[in-house]
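Presented below is the structure to which this report refers.
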Amino acid sequence: MVKILIVDDSVFMRTVIRDMVTKDPSFEVVGTACNGAEALEKIHSLEPDVVTLDIEMPKMNGLQVLEALQKQERHPKILMLSSLTSRDAEMTCQAIRLGADDFMLKPKDIPHVREIGDELVSKIKHLITLPSQPSPHKAPPHAGSAKRVVLIGSSAGGPPMLDTLLAAIPADLPAGIVVTQHMPAGFTAALAERFNRIASMPVKETENGDVVETGKILLSKAGVHTIISGDMGANNTRIGRIIHSHTPPLHGVRPAVDKTFESAAHVYGKNIVSVILSGMGNDAGEGAHAVKQAGGVSLLCDEKDCLVYGMARSAIQKNAVDEVLPLNKLAREIERLVLQMEDVHV
């Protein structure tokens, strides 16, 4: 039985969260708290396994709770619940740096709050499986601009899958990795911080002008499209460079997986493995088609491992799929495909 403490200054939110998590028989809500001071007392007395923690609260906010918990040898897994504001985005990133294990976004509209129930349960179940200590990163043996690239696209339900996949991909994979995850502007910085603790390679949010490098993972910045452009590097070799585009959203999202996949296909050709994880909507189908047309390989995660299968279906409808694999077999197949590629100048 997973013991959960719910911390939120809103009676409504405490009630809704309790209703959502208690639908799973493996969860037990052992208590609630309306501010950070009360939360610390109940963490000590109730010893929960997981705490859902609001950021903005009276007396002591969520960040102050995390600072206090840092002084303790043992503490529960912390799931931050963040509102969709720029201030909350900054504070969520700070919360991850202070040791929060994960975060989840609350809908703007109260009537839609209960819609996050399945994702919340999934997040908590995934959270308790994560290691407490971050993964150390070793210097990649094949440093420098990437000649091979792995592209990953996901949306709703994607982050827990990315935890699993990025941790399983070997640190010495001779390729660069670019992840495009649908997320509101401001929150991909916090997500990159999280992935950096879990992935086998170092992870950072994209910046305009970044070079795609072997042994490193770039997470597309939310609010802009991540375009991969062929550029001239040292010794007159072509490199893949990140360009942030402010063109309108595609499929209602920005960044769009299609934009990243299609642009990379022009640069890397057959030296691409594209992977589509959980997500709703039609984004990724055109991109996967462009990858296949360029000679690359397109992989899908099996539907039983995905929360939503819309993005994957968009690729299937485009006849742009080479293999469909369970989540736990994707990393090995990515490695196999990358190792059989020939180095070519991009």
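The values are calculated or read from the model by the stated rules, or taken from the named source; none is laboratory data. Note that this is a predicted model, so its numbers are computed, not measured. Every residue, glycine among them, receives a Cβ derived from its backbone with ideal geometry; neighbour counts consider all protein chains shown.
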Subset of segment 219-265, residues in a strand (DSSP E or B), basic (Lys, Arg) and without any contact (Cβ under 8 Å) to a residue 60 or more places away in the chain, comes to Arg241
task: Determine if segment 146-158 includes at least one residue that is crowded, with 23+ Cβ neighbours inside 10 Å, in a helix (DSSP H, G or I) and in contact (Cβ under 8 Å) with a residue 40 or more places away in the chain.
output: yes
The number of residues in segment 68-92 that are touching a Leu at 6+ places or on another chain (Cβ under 6 Å) and of a type outside the set (A, V, I, L, M) is 3
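From Leu130, Leu166, which residue is closer than 26 Å to Arg332 by Cβ, part of a loop (DSSP other than H, G, I, E, B) and touching a strand residue (DSSP E or B) at 6+ places or on another chain (Cβ under 8 Å)?
Working: Leu166 fails: part of a loop (DSSP other than H, G, I, E, B).
Selected residue: Leu130, the only one of Leu130, Leu166 that is closer than 26 Å to Arg332 by Cβ, part of a loop (DSSP other than H, G, I, E, B) and touching a strand residue (DSSP E or B) at 6+ places or on another chain (Cβ under 8 Å).
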Exercise for the section: Answer yes if at least one residue in segment 281-297 is closer than 20 Å to Leu166 by Cβ and touching a Pro at 6+ places or on another chain (Cβ under 9 Å), and no otherwise. Expected result: no
Here the qualifying pairs (Cβ atoms under 7 Å; residues six or more apart or on different chains; first in segment 163-190 and assigned by TED's automatic domain parsing to the domain that holds Ile243 and more than 15 Å from Val338 (Cα to Cα); second among the charged types (D, E, K, R) and at pLDDT 95 or above) come out as Thr188/Glu205; Thr188/Lys221; Ala189/Glu205
Note: among Leu84, Leu5, Leu46, just one is in contact (Cβ under 8 Å) with a residue 12 or more places away in the chain and in contact with a helix residue (DSSP H, G or I) (Cβ under 8 Å, 6 or more places away or on another chain), namely Leu5
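Counting only residues that are over 18 Å from Lys125 (Cα atoms) and not small (Gly, Ala, Ser), how many does segment 17-32 have? Steps first, answer last, please.
Residues of segment 17-32 over 18 Å from Lys125 (Cα atoms): 31-32.
Then drop every residue that is not not small (Gly, Ala, Ser), which leaves 32.
Qualifying residue count, segment 17-32: 1.
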Exactly one of Lys329, Lys304, Lys318 is charged (D, E, K, R), out of contact with any Pro (no Cβ under 9 Å at 6 or more places or on another chain) and without any contact (Cβ under 8 Å) to a residue 24 or more places away in the chain, and that residue is Lys329
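Looking only at segment 255-287, count how many residues are touching a Phe, Trp or Tyr at 6+ places or on another chain (Cβ under 6 Å) and within 20 Å of Gly223 (Cα to Cα). Spell out the reasoning first.
Initially, segment 255-287 is screened for residues touching a Phe, Trp or Tyr at 6+ places or on another chain (Cβ under 6 Å), giving 274, 287.
With within 20 Å of Gly223 (Cα to Cα) added as a condition, the list becomes 287.
Counting residues in segment 255-287 that are touching a Phe, Trp or Tyr at 6+ places or on another chain (Cβ under 6 Å) and within 20 Å of Gly223 (Cα to Cα) gives 1.
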